[in-house]
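Some notes on the structure that comes next.
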Amino acid sequence: MPHHNNHHDDDVILIPHPCSYRGRSSNSSKSVCPAYCDCEFPKSTIVAGYKGHVPDLVKCRCGEDDPAYHCINWHWHQQSELDIHLEGPNVTFHPTYSQGTAIVRGEEPLAPNMMHFWEMRILTALSGTDVMFGVGTDKVDLTQFKFHFVSALGTNAQSWGFSYEGKIHHNGYQLPYGQKFSQGCIVGVLLDRIRGQLEFFLNRRSLGVAFTNIPTDPSVKLYPMICSTAAKSSIRLINATSQHECLQLRAFRAVSKQPKAMEELRQLPGLKTIMNDYWFLAPPVRYSQESKNSQIDMLDEAVLSKNRRGRKQKYKDDDVDVNDLYSNAHKIALHHRAESDEEPALNEYFDEYFHYLF
């Protein structure tokens, strides 16, 4: 772990989800997150000896085939000098052998003043120095580490990354954030270019806001990025969508943090279109049997207890705008838990949000 005593506030990295480790010992946090589903994936020995296109070995399409929300509004950018192979939404790093770190980015920058969400399915077992998901500016040199094995995203101030080892990286610093993950998992990225926040999802469960220092300046060009040092590591882009900021979106985002409220909203036919538009804030979840056996309470996962926040947490109760529905959503659950162990009644705590959804 790096020393943090010289870490400036502008470069603060947050660890907002201590409940990612709830109920585990300190050693068990290093265990690998179960895959999104129970489908069979090709073993590393088969992938290593395969001469064709690696994604062809994967038959599973779980989480990719729902027409209600399936959408891809951008693609990966092909560059001949990069050691990658692109075929549609699939990217394979180091198709023959690895001699360094390859970085791929989206073909177009992610528009400012919008909220962007994309998901990637990990098709092969991850290993080696690092495989990372995140964002970076146009100043990131995609070939800088072509002959070096490094955790490329987050080496400087121009990129922010989430490692398969469960750590987040930025400006040369790394901090614990979530569980280690590998083959079969779905990694989601939520970029809020209005508030300058970056949040990651694992198997469609939010891990909480990871960074709050993402540039909001429209002149800064930001791209989705993946880097890998692992030979024949293959990733598939399965969803990518963007939404303009509006009060309806903010209200839905606040309510989406409360699973019981979302269950009732899904029963209202008039909200079907809104649910489809903003599906990424409360994505459909399908767990493998192993995940179901160790499932933790979703309300606990959505609420950040003040006495368990990281030292570098920038948001404090005194600093929160009382008119910001999203920032205040967690206070409702915290207030209720202090008074009762029962689940809050829908009309008791969320009426103030609902009229914004219609």
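The values are calculated or read from the model by the stated rules, or taken from the named source; none is laboratory data. Everything quoted here is computed from the prediction, not taken from an experiment. All Cβ positions, even for glycine, are placed from backbone atoms using ideal geometry, and neighbour counts span all protein chains on display. The accessibility values were calculated without ligands, DNA or RNA, using every heavy atom of the protein model including side chains. Shrake-Rupley method; radii C 1.70, N 1.55, O 1.52, S 1.80 Å.
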Next item on the list: Go through the stretch 112-146 and give me each residue that's within 20 Å of Lys167 (Cβ to Cβ) and of a type in the set (A, V, I, L, M).
Entry: Met120, Ile122, Ala125, Leu126, Val131, Met132, Val135, Val140
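So that you can scan it fast, the table gives a plain yes or no per residue for (1) hydroxyl-bearing (Ser, Thr, Tyr); (2) within 17 Å of Ser44 (Cβ to Cβ); (3) crowded, with 24+ Cβ neighbours inside 10 Å:
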site	(1), (2), (3)
Asn90	no, no, no
Gly100	no, no, no
Ile103	no, no, yes
Glu107	no, no, no
Ala111	no, no, no
Thr124	yes, yes, yes
Margin query: Looking only at residues that are aliphatic (A, V, I, L, M) and assigned to a loop (DSSP other than H, G, I, E, B) in the stretch 152-176, which one is surrounded by the most Cβ atoms within 10 Å (Cβ to Cβ)?
Written below: Ala152
Notebook entry, point to check: If we scan the stretch 187-194, do we find a residue that is open to solvent by 20 Å² or more (accessible area, probe 1.4 Å) and either in contact with a Gly (Cβ under 8 Å, 6 or more places away or on another chain) or modelled with pLDDT of 95 or more (or both)?
Noted result: no
Next item on the list: Looking at (1) within 25 Å of His169 (Cβ to Cβ); (2) surrounded by fewer than 21 Cβ atoms within 10 Å (Cβ to Cβ); (3) in contact (Cβ under 8 Å) with a residue 60 or more places away in the chain, find the lone condition where Ser219 falls short.
Entry: (3)
Checklist line | Checking Phe117 against (1) under 17 Å from the mean Cα position of the chain (by Cα); (2) in a loop (DSSP other than H, G, I, E, B); (3) among the hydrophobic types (A, V, I, L, M, F, W, C), the condition it does not meet | finding: (2)
Check: Do you know which residues across the stretch 139-151 are under 24 Å from the mean Cα position of the chain (by Cα), open to solvent by less than 70 Å² (accessible area, probe 1.4 Å) and under 19 Å from Pro109 (Cα atoms)?
Finding: Val140, Leu142
Item checked: Odd one out for Phe211, checked against (1) surrounded by fewer than 23 Cβ atoms within 10 Å (Cβ to Cβ); (2) under 12 Å from the mean Cα position of the chain (by Cα); (3) touching a residue at least 24 places away in the same chain (Cβ under 8 Å) -> (1)
Checklist line | Subset of the stretch 227-268 (residues that are touching a Leu at 6+ places or on another chain (Cβ under 8 Å), not polar (S, T, N, Q) and not in a helix (DSSP H, G or I)) | finding: Cys227, Ala230, Ile235, Arg236
Check: Does at least one position in the stretch 102-109 carry a residue that is more than 30 Å from Glu245 (Cβ to Cβ) and more than 17 Å from the chain's Cα centre (by Cα)?
Finding: yes
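Of all residues being assigned to a strand (DSSP E or B) and among the aliphatic types (A, V, I, L, M) in the stretch 189-208, which is nearest to the chain's Cα centre (by Cα)? Just the residue, please.
Narrowing the stretch 189-208 to residues assigned to a strand (DSSP E or B): 189-192, 197-202, 205-208.
Imposing the further condition that a residue be among the aliphatic types (A, V, I, L, M) reduces the set to 189-191, 198, 202, 207.
On the way: Val189: 3, Leu190: 6, Leu191: 9, Leu198: 8, Leu202: 6, Leu207: 7 Å.
Among those that are assigned to a strand (DSSP E or B) and among the aliphatic types (A, V, I, L, M), it is Val189.
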Margin query: Of the residues Lys180, Lys139, only one is basic (Lys, Arg), under 25 Å from Ala35 (Cα atoms) and at pLDDT 95 or above; which?
Written below: Lys180
Next item on the list: Determine whether the stretch 176-183 contains at least one residue that is of a type in the set (Ser, Thr, Tyr) and within 12 Å of the chain's Cα centre (by Cα).
Entry: yes
